[in-house]
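Chemist: Let me give you the structure first, and then I'll get to my questions.
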Amino acid sequence: MAFPTETVYGLGANALDPHAVARIFAAKGRPTDHPLICHIASADDLAPLVAEVTPLAQALADAFWPGPLTLVLPRSAAVPDAVTGGRDTVAVRVPDHPLALELLRAFGGPVAAPSANRFGRPSPTRANDVRDELGDTVDVILDGGPCAIGVESTVLDLTSNPPQVLRPGGVSVEQIEAVIGPVDGASGPARAPGMLEAHYAPGARVEVVSADAAAARAADLTAAGTSVALLAADVISPLPDSVLVLGPAGAPDAYAALLYTAFRRADAARCQVIVAVPPPAHGIGVAVRDRLARAAASS
Ligand code: TXA
Ligand code: MG
């Protein structure tokens, strides 16, 4: 079953049933050693899944749940290998979406759910995107409208000291540090297992350029007969008439909410290249820049 969260749509199954979890990997075409996030209805449901609810985990849960922060902790024996890819840790979060919370409460247990896209593709942020990604392999899609945040949750590893951001996402490093002090922020290459350098990619090639260079690059590509889409926070001009303008995306929050639907619009219009100007590297802008860089690396 696919369901909405505040970040992206997830493809869920009973986290405690290895057979149900195996069906997620089959539907996504995802390698089975890539671990999944367990979604729970409230922080009270964390204890059975982990070795210990540490004060640090409790402080973060109090501050950010429900919300786009995933905590990685030593797992309990209740969590099957199918969910963790055989690791001794488990990733858990409480999503901030009324339908997701209703589903989790009604189900009464943890739901393992990756983003509801085919492996390597952009995450779906609308119910129709899930249908386009997974077709008939998903039996039910709960339609909760467009996802408010639009990029995935921040994954924070609490097993290292200081805690380490494995994937930048909906909660910023600044927000986390305001609660627990310094963390090791995500800057370099992929850290989360299964988080590849190349990922989140549309069909079109993504080129990341500066705002100053964007108009000229779009013009050069167009002159060479390439169909171009442009994604930037601000208005870029002048542009050839044929360029599909996917923005202006505006502030980083709005940019994040638009990002994956912009990728899909470019693909629907059969654009060959998306010229993208990244947002500034603060707040959720860090996550947007990360996804743009990974999409570009896939091209
Ligand atoms: O916003 C989200 O997090 C969405 C919604 C549906 O909740 N889910 C999502 O799941 O993005 P997925 O499977 O596409 O990404 C899960 C991320 C991966 O980068 C994975 O490596 C990391 O979480 N992860 C999961 N379990 C882990 C573990 N035990 N240790 C380290 N990283 C883990
Ligand atoms: Mg994903």
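Chemist: Just to verify a result, which residue in region 1-46, among those that are in contact with a Phe, Trp or Tyr (Cβ under 6 Å, 6 or more places away or on another chain) and of a type in the set (A, V, I, L, M), is farthest from LEU99 (Cα to Cα)?
Modeler: ALA43
Chemist: Looking at (1) open to solvent by 30 Å² or more (accessible area, probe 1.4 Å); (2) small (Gly, Ala, Ser); (3) within 14 Å of the chain's Cα centre (by Cα), which one does SER115 not meet, given that it meets all the others?
Modeler: For SER115, the failing item is (1).
Chemist: Can you name every one of the strands (runs of 3 or more DSSP E) wholly within region 195-299 that holds 3 or more residues which are of a type in the set (Val, Ile, Thr)? Show your work before the answer.
Modeler: Values: elements: 205-208, 228-231, 273-276.
Per the criteria, 273-276.
Chemist: Since ALA178 meets every condition but one in (1) aliphatic (A, V, I, L, M); (2) crowded, with 18+ Cβ neighbours inside 10 Å; (3) not in a loop (DSSP other than H, G, I, E, B), which condition does it not meet?
Modeler: (2)
Chemist: Of the numbered conditions (1) in a helix (DSSP H, G or I); (2) out of contact with any Phe, Trp or Tyr (no Cβ under 8 Å at 6 or more places or on another chain); (3) surrounded by fewer than 21 Cβ atoms within 10 Å (Cβ to Cβ), LEU99 satisfies every one except a single condition; which is it?
Modeler: Single failed check for LEU99: (2).
Chemist: Those residues that are among the small types (Gly, Ala, Ser), touching a helix residue (DSSP H, G or I) at 6+ places or on another chain (Cβ under 7 Å) and either at pLDDT below 95 or within 13 Å of ARG205 (Cβ to Cβ) (or both), I need them from region 248-278; list them, please.
Modeler: Of the residues in region 248-278, the ones among the small types (Gly, Ala, Ser) are 249-251, 254, 256-257, 262, 266, 268-269, 276.
If we keep only those that are touching a helix residue (DSSP H, G or I) at 6+ places or on another chain (Cβ under 7 Å) as well, we get 249, 256, 276.
Within region 248-278, ALA249, ALA276 meet the criteria.
Chemist: Take the residues in region 53-74 that are in contact (Cβ under 8 Å) with a residue 40 or more places away in the chain and surrounded by fewer than 19 Cβ atoms within 10 Å (Cβ to Cβ); name whichever of them is nearest to ligand 1 (Cβ to nearest atom).
Modeler: PRO74
Chemist: Counting only residues that are over 18 Å from ARG265 (Cα atoms) and of a type in the set (A, V, I, L, M, F, W, C), which one in region 117-147 is farthest from ligand 1 (Cβ to nearest atom)? Walk me through it before giving the result.
Modeler: So the first thing to find is which residues in region 117-147 are over 18 Å from ARG265 (Cα atoms), and the list is 119, 135-144.
Narrowing further to those that are of a type in the set (A, V, I, L, M, F, W, C): 119, 138, 140-142.
Details: PHE119: 9, VAL138: 13, VAL140: 15, ILE141: 13, LEU142: 12 Å.
The extreme case among them is VAL140.
Chemist: Just the residues that are outside any helix (DSSP H, G or I), modelled with pLDDT of 95 or more and open to solvent by 50 Å² or more (accessible area, probe 1.4 Å), please, taken from region 31-52. If you could, list the steps in order and put the result at the bottom.
Modeler: First, pick out the residues of region 31-52 that are outside any helix (DSSP H, G or I): 31-42, 46, 50-52.
Filter once more, so that each one left must be modelled with pLDDT of 95 or more: 35-42, 46, 50-52.
Correct list: ALA51, GLU52.
Chemist: Still on this model: Has region 157-165 got any residue that is at pLDDT 95 or above, in contact with a Gly (Cβ under 6 Å, 6 or more places away or on another chain) and within 11 Å of VAL72 (Cβ to Cβ)?
Modeler: Looking through region 157-165, at least one residue is at pLDDT 95 or above, in contact with a Gly (Cβ under 6 Å, 6 or more places away or on another chain) and within 11 Å of VAL72 (Cβ to Cβ).
The values are calculated or read from the model by the stated rules, or taken from the named source; none is laboratory data. Keep in mind that this is a model prediction, so the values were computed, not measured. With ideal geometry, Cβ positions are generated from the backbone for all residues, glycine too; neighbour counts draw on all protein chains shown. Keep in mind that these areas ignore ligands, DNA and RNA; they rest on the heavy atoms of the full protein, side chains included. Shrake-Rupley method; radii C 1.70, N 1.55, O 1.52, S 1.80 Å.
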